[in-house]
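Here the structure is laid out as structure tokens; the discussion comes afterwards.
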Amino acid sequence: MEKLLIIILNAVLVSTIMCLADRVNNHIHIFIKRSFCMHCGHILHWYDLIPILSALLTHARCRYCHRTYGMHYAYFELVGMLVGSYLFSDTLAWITAYLLLFLALEDWHTERIHADILIPYIVYLFIHSWSDPKILTTCTVMIISLFLVYYRQAMGSGDIPVLLLITLTTTAQSFPLTLLLASISALLYLVKHHVQRLPFVPFLYFGWLSIILIEKIVTSMTS
Ligand SMILES: [Zn+2]
């Protein structure tokens, strides 16, 4: 019963994060009204909002104007529900996964993020990890990031809190692996899609999540 509640909680959370990101990306106030169709504006009923199931039953189409909103919602909700439920016992990783998911969705659509929402959490993690050697890595990452943002202008200022959060939620071994995986995946995307620039937070999120999941799976197999 407890596992079922955790799965439902995570399905609802992923769906809510995607809804919030949609509203922010479309410049709609997040508290303006109940969920509605982005095409016709019709208020959605509770049975239109059941994570995964509603999209599958309606083939990802609005029941009122019949325009599609994309099956990717169902896929995201399914993967998010599974990953969120798996990470649930590790509170810091769980919270970080949801914060980074929101910022990755925002960065992907607008190439701008509300990275300041991370500041209180970063301060907490910084104090929490004060005696840990990773504080030195965090300070080094901050200095390099400030140089890259304000002197070389090679990345956006919103990337700094994301990088600090990743530094504080990974080990000394997994942090470089996270950056490596994020950079390789971003490079492959650049080559495949022939683009000059891209939002980097989704790739950082992909790298961070992949490494965290691999670490946890390996640990559970060897213990
Ligand atoms: Zn509609």
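General observations
- Test: residue in the range 52-63 that is over 26 Å from Leu100 (Cα atoms) and open to solvent by less than 40 Å² (accessible area, probe 1.4 Å): yes
- Every residue from the range 29-64 that is aliphatic (A, V, I, L, M) and away from the ligand (no atom under 15 Å from the Cβ): Ile30, Ile32, Ile50, Ile52, Leu53, Leu56, Leu57
- Residues that are more than 13 Å from the chain's Cα centre (by Cα) and surrounded by fewer than 14 Cβ atoms within 10 Å (Cβ to Cβ) within the range 66-102 comprise His66, Arg67, Thr68, Gly70, Met71, His72, Tyr75, Ser89, Thr91, listed in sequence order.
- For beta carbons closer than 8 Å, sequence separation of 6+ or different chains, a first residue in the range 1-21 that is farther than 21 Å from Ala55 by Cβ and a second that is at pLDDT 90 or above, the qualifying pairs are Lys3/Ser85; Ile6/Ser85; Ile6/Phe88.
- Val149 falls short on exactly one of the conditions (1) at pLDDT 90 or above; (2) touching a Ser or Thr at 6+ places or on another chain (Cβ under 8 Å); (3) surrounded by fewer than 18 Cβ atoms within 10 Å (Cβ to Cβ), and that condition is (1).
- Residue list for the range 7-55, filter: polar (S, T, N, Q), out of contact with any Gly (no Cβ under 6 Å at 6 or more places or on another chain) and assigned to a helix (DSSP H, G or I): Ser15, Thr16, Asn25, Ser54
- Qualifying residue in the range 127-137 (condition: of a type in the set (D, E, K, R), open to solvent by 60 Å² or more (accessible area, probe 1.4 Å) and outside the structural domain of Glu77 (by TED's automatic domain parsing)): yes
- Here Gln173 meets the list (1) closer than 25 Å to Cys19 by Cα; (2) loosely packed, with under 12 Cβ neighbours inside 10 Å almost entirely, failing just condition (1).
- Only listed residue being within 25 Å of Pro202 (Cβ to Cβ), among the aromatic types (Phe, Trp, Tyr) and outside the structural domain of Thr110 (by TED's automatic domain parsing), chosen from Tyr69, Tyr47: Tyr69
- Residues in the range 15-38 that are polar (S, T, N, Q) and more than 9 Å from Leu105 (Cβ to Cβ) were compared, and the one that is surrounded by the most Cβ atoms within 10 Å (Cβ to Cβ) is Ser15.
- Breaking point among (1) assigned to a loop (DSSP other than H, G, I, E, B); (2) open to solvent by 90 Å² or more (accessible area, probe 1.4 Å); (3) not aromatic (Phe, Trp, Tyr), for Leu4: (1)
- Test: residue in the range 183-198 that is closer than 14 Å to Ile211 by Cβ, part of a loop (DSSP other than H, G, I, E, B) and open to solvent by less than 60 Å² (accessible area, probe 1.4 Å): no
- The set of residues in the range 65-76 being farther than 15 Å from Cys19 by Cβ and away from the ligand (no atom under 15 Å from the Cβ) consists of Met71, Tyr75.
The values are calculated or read from the model by the stated rules, or taken from the named source; none is laboratory data. Nothing here was measured: the structure is a model prediction, and the numbers come from that model. Using ideal geometry, Cβ is built from the backbone for each residue, glycine included, and neighbour counts are taken over all protein chains shown. Surface areas here come from the heavy atoms of the whole protein model, side chains and all, with no ligands, DNA or RNA. Shrake-Rupley method; radii C 1.70, N 1.55, O 1.52, S 1.80 Å.
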